[in-house]
Amino acid sequence: MPQEMTALPVSRRALIKSSLAAGAAAALIGAPARGQTNAYHVVVAGGGFAGATAAKYLRLWGAGRIRVTLVDPNPTHYSCIMSNLVLEGKLGLANIGFRLSALGAYGVTYVRDWVAGIDAKARLVRLNAGGWTPYDRLVMTGGISFKPVAGLDPKVTPHAWIAGSQTTLLKSQIDAMPKNGVFVMTVPPAPYRCPPGPYERACAVAAILKARGGTPKVIVLDANPAIQAAATTFGKAFSQLYAGIIDYRPNARLLSVDAATKTVRTSIGNFVGDVLNIIPPHRASTLVRGAGLVPAGSDFAPVDPLSYESTLPGFSGVHIIGDSQATKQPKSGHMANAQAKICADAIIRLLNGGTVADAARIASIATNSACFSPITLTEASWLTANYQYDPTTKAMTLAPGSLAESGGWSTGSYSKMQKWSKQLWSDTFQ
Ligand SMILES: Cc1cc2nc3c(=O)[nH]c(=O)nc-3n(C[C@H](O)[C@H](O)[C@H](O)COP(=O)(O)OP(=O)(O)OC[C@H]3O[C@@H](n4cnc5c(N)ncnc54)[C@H](O)[C@@H]3O)c2cc1C
């Protein structure tokens, strides 16, 4: 319990630390001189956890000198965070949906469109509707995309790893499962979005099926050799709380899917279920890959963690944040929010003719991640980690002793989960 008491405040402190760091940046840029309002234009592609935070904080800290255009084809962003509660019927889709136009309150201009191409040399971005728009700095997000899997059609066997219609499709399939039904899910190889997320999904589905009675099964086919996050918590949940329901199988590499016979083929054998929840292997968003920001042989975009600017030649002025970037920090919404603030601070400094690499700033570069997981219908667990910049390796590294998990689940953590998600949503989208 004392451990739980410290978990959330640690994250909050780090958020506040980020805010203070960038407050200094806002002071640096100074008040706009006459005629200098909106002197610069920053385009943000994608309005999820990374993009919405960056757009908002560029306006908040930019002292009125930065015009910010946020482009996203979806006027409402559905949060993956808490989306497993939609499967349980505890929340509706509307409870996890955030209208991007709300950022207009900060002066962000929201444009409903796809970013369809970039010309980094000329600093131009092309929208799907046509025409090229000039920018001074470009922030690219887009989250994740999936590697192809033979036979897989997500409209039939949903991943529900991007929230929205996928979430409601999976919910309707779970709702229609027989009492003694079999749910088969796959866990992609790391790195993937939300390290504890797949194990949380297994627990959420097991909780739903257990409450219905009968002898249901949840088969978890993990491409990895072991549980990837909060292993004590999930190991206990699988072997004790959901003994006889959750059947965890490591080293199960996904080979193909046959939707007609509801069969998953893996490196450890074939599995048949009433519902298949196939979460395919991940890579950077189509947006980021399509722009050439991911080198051949890699899955994610290399960046300098002091600014999140691309380290590839020819992409000066292009920043990548959130799940698409290649630093070894966890792919989480909380982390995307933290990266967005460092990126916004860096952009403001760079537009102001400053540096992102002075000693004081380098010492303050820190990020953090928190994931709360519903384990039963009323209890949750948590996992936190802090990262800091290492000037020797020029990479973000796990802060010693900062990786912590609850090791169990409680109603207290469930109510903290609700508070934390509201705070994060509010800081990002409202
Ligand atoms: C079940 C589940 C539970 C999770 N739980 C947690 C948790 O407890 N804690 C936590 O911190 N994280 C959690 N996550 C992870 C979190 O949701 C992601 O890490 C986070 O959403 C990443 O933010 P992002 O901005 O990179 O991508 P996203 O939030 O996915 O946003 C990407 C945006 O880009 C837009 N886009 C795509 N292509 C284009 C284009 N061409 N032009 C313009 N816009 C485009 C999309 O429409 C979307 O709005 C969870 C994830 C899942 C699946």
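Under 8 Å for C-alpha pairs, at least 6 residues apart: give me the relative contact order for region 114-182, rounded to a whole percent. 14 percent. Between amide H atoms placed 1.01 Å from N, distances below 5 Å from residue 219 occur with 183, 184, 185, 247, all of them 5 or more places distant or on a separate chain.
Cβ-Cβ distance of residue 165 and residue 298, R₀ of 35 Å, FRET efficiency by 1/(1 + (r/R0)^6): the value works out to about 0.70.
Determine, for 136, 345, the number of other Cβ atoms within 10 Å of each Cβ, and report the residues in order from fewest to most.
136, 345
Panel order for 372, 429, by other beta carbons found within 10 Å of each beta carbon, from fewest to most: 429, 372.
Within a 10 angstrom radius of the beta carbon, how do 182, 218 rank from fewest other beta carbons to most?
In increasing order of surrounding Cβ atoms, one gets 182, 218.
Please find the FRET efficiency linking residue 398 to residue 358, where r is the Cβ-Cβ separation and R0 is fixed at 30 Å, and quote it to the nearest 0.05. FRET efficiency, residue 398 to residue 358: 0.80. Measuring nothing but how far apart in sequence close Cα pairs (under 8 Å, 6+ apart) lie, relative to its length, region 148-277 scores a relative contact order of 32 percent.
Counting DSSP beta bridges in the chain, what percent are antiparallel, to the nearest 5? Just about 55 percent of them are antiparallel. Here the 3J(HN,Hα) profile of region 423-430, calculated from phi with Karplus coefficients 6.51, -1.76 and 1.60 at θ = phi - 60°, is 5, 5, 4, 5, 5, 8, 10, 10 Hz, Gly and Pro shown as x.
Nearest 5 is fine: what % of DSSP beta bridges in region 148-277 come out antiparallel, could you say? Given both bridge residues lie in region 148-277, the antiparallel proportion sits at roughly 35 percent.
Across region 99-104, rounded Karplus estimates of 3J(HN,Hα) from the backbone phi angles (6.51 cos²θ - 1.76 cosθ + 1.60, θ = phi - 60°) give 7, 6, 5, 4, 6, x Hz, Gly and Pro being marked x.
Taking packing as the residue-averaged number of other Cβ atoms within 10 angstrom, the listed peptides 276-284, 82-90 run from highest to lowest as 276-284, 82-90.
For residue 379, no residue whose modelled amide H falls within less than 5 Å of its own remains once neighbours fewer than 5 places apart on the same chain are excluded.
Under the simplified labelling scheme, the residue 212-residue 253 pair shows an inter-label distance of 3.4 nm, with each label point 7 Å from Cα along Cα→Cβ.
The HN-Hα couplings worked out from phi for region 234-247 by the Karplus form 6.51 cos²θ - 1.76 cosθ + 1.60 (θ = phi - 60°) are 6, x, 5, 4, 5, 8, 10, 4, 10, 4, x, 9, 7, 10 Hz, whole numbers, x standing for Gly and Pro. Summarising the amide proton neighbourhood of residue 325: residues at separation of 5 or more, or on other chains, whose placed amide H is nearer than 5 Å comprise 301. The Rg/Rh ratio of region 148-277, with Rg taken over Cα atoms and Rh as the Kirkwood radius over Cα pairs, comes to 0.92.
Counting only residues at least eight positions apart within a chain, or on another chain, the lysines with an alpha carbon under 16 Å from that of residue 341 are 17, 56, 331.
Placing a label point 7 Å from the Cα of residue 180 along the Cα-to-Cβ direction, the residues of region 250-284 whose backbone N falls under 18 Å of that point are 272-275. Lysine pair count for region 148-277 (Cα-Cα distance under 18 Å; residues 8 or more apart in sequence or on different chains): 12. For the chain, what's the relative contact order in percent, using C-alpha pairs closer than 8 Å and at least 6 residues apart? This gives 19 percent for the chain.
No lab work stands behind these numbers, since they all come straight from the coordinates. All figures in this text were calculated on a predicted structure; none of them were measured in a lab. Reconstructed Cβ throughout: ideal geometry from the backbone, glycine too, with neighbour counts over all protein chains shown.
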